[in-house]
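Data first, discussion second: the structure below is written as structure tokens.
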Amino acid sequence: MSEKDSTHFGYQTVAKDEKAGKVADVFHSVAAKYDIMNDLMSGGVHRLWKQFTIEASCARRGQKILDIAGGTGDLAGKFSKIVGKDGQVILSDINASMLGVGRDKLTDRGIAGNINYVQANAESLPFPDNYFDCITIAFGLRNVTEKDKALESMYRILKPGGRLLVLEFSKPQNTLLERAYDTYSFRILPKMGELVANDAESYQYLAESIRMHPDQETLKQMMLDAGFDQVEYHNMTGGIVALHKGLKT
């Protein structure tokens, strides 16, 4: 298998056309327990990371917002309240199980009317050029096979002046923190997944996928290469997570 035809799935090397299916299997498996595992894995801190993303989006009433890999709807639900009845929010995810959990959760909370659900691949987003005021992708980019294609697809559908926000696990900026994080990720996280979700293997993949994701500066350059301007990032929790922001000018 040539290098151009292969990619990583965690620490494994797989054919590019196989990765999406393998990632899909992971998220079909974890969808039902996704929210409770997020709270357990992060000690609830993921809610602060996401709230910071909402605030950094500068979302306003009447805007059109796309949340890619939106999963169980944490960001989309908040955006729905911000943009109001004259705005539009689209929660998009490649995984039908995750999309279904998100739709059911938001519907049960009475969040409806200005929100739609679209199953889509981030590498080829099925939306018109220059359509959205803001695009977010939280903890999803690392699972995309062709990240460059996905960033270019996001750039295409953003309006001039629109903003992309990528919230993702990144590289800790302190050696001691990095060692502690590695111990947690590879010794504790899979066991937690086995106990709560009966699935240690999927959480082993999630830990590995974080390590294979581009670091802060690399992702910044990827966004610049895709056409974004004024790209910057903000480290949170010592760089365990970073929020990258870029504008389409």
Is the chain rounded, prolate or oblate when judged by the Cα gyration tensor, a ≥ b ≥ c being the square roots of its eigenvalues, rounded requiring a/c under 1.5 and prolate requiring a/b larger than b/c?
rounded
Provide the net charge surrounding Arg163, with neighbours chosen by a C-beta distance below 10 Å and charges set as Lys +1, Arg +1, Asp -1, Glu -1.
+2
In nm, what is the difference between 0.36 nm times the number of residues separating Leu48 and Asp229 and their Cα-Cα distance?
62.5 nm
I'd like the trypsin sites (Lys or Arg not before Pro) in region 169-201 restricted to DSSP loop residues with at most 12 other Cβ atoms within 10 Å, sorted by number.
none
Ignoring everything except DSSP H segments at least 4 long, calculate the 222 nm mean residue ellipticity for the chain; use -39,500 (n - 2.57) per segment, divide by total residues, nearest 500.
-13500 deg cm²/dmol
Beta bridges by DSSP in the chain, antiparallel share as percent, to the nearest 5
45
Counting sequence-distant residues (5 or more places) and residues on other chains, those with an amide H built under 5 Å from that of Phe132 are Leu158, Lys159
Probe 1.4 Å, protein heavy atoms only - accessible area per residue of region 142-223 in square angstrom:
47
Phi to ³J(HN,Hα) by Karplus 6.51 cos²θ - 1.76 cosθ + 1.60 over region 129-146, Hz, x for Gly, Pro:
4, 6, 9, 9, 7, 8, 10, 10, 9, 10, 6, x, 5, 5, 8, 7, 5, 9
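Would you work out if region 90-189 is rounded, prolate or oblate? Take a ≥ b ≥ c from the square roots of the eigenvalues of the alpha-carbon gyration tensor; rounded if a/c is under 1.5, else prolate when a/b is larger than b/c, oblate otherwise.
oblate
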Averaged per residue, what accessible area in Å² does region 5-46 show with a 1.4 Å probe, protein chains only?
49
If you roll a 1.4 Å probe over the chain with all protein chains in place, what percent of the accessible area is carbon or sulfur?
50
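The values are calculated or read from the model by the stated rules, or taken from the named source; none is laboratory data. Since we're looking at a predicted model, the values are computed, not measured. Glycine gets a Cβ as well: all are built from the backbone with ideal geometry, and neighbour counts include every protein chain shown. For accessibility, only protein heavy atoms count, side chains too; no ligands or nucleic acids. Shrake-Rupley method; radii C 1.70, N 1.55, O 1.52, S 1.80 Å.
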